[in-house]
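See below for the structure under consideration.
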Amino acid sequence: MDKTDFAEQRDDLLQSIERDQEEVRVAVHELTGAARSTFNVREHIQKFPLTWALGAFLVGVWLGSRSAAAHGTGQRRA
């Protein structure tokens, strides 16, 4: 292997590393932006309180029916 081949490979690797570093910087920047944008649940609940109450009720019924099925049908817990 002569020195020019080694120098070319080294330059190619350095350029590849620089491109990868830039991709990582962009990805971290996008991730930071996504982390900063928060989902405000309170605002959504205030806009549609009946929908959220109905949804919570249905989830409770679903979880309760799963619990009842796991402990035997028709038996109540004391």
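Bear in mind that the values in this text are calculations on the coordinates, not laboratory data. A quick note: this is a predicted structure, and the numbers were derived from the prediction, not measured.
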Which labelled figure in [x] 14.4; [y] 18.9; [z] 15.2 is Kirkwood radius over Cα pairs in Å, once derived from the coordinates: [y]
With Cα atoms, 0 to 90° folded angle of helix 3-36 axis to the chain main axis: 30 degrees
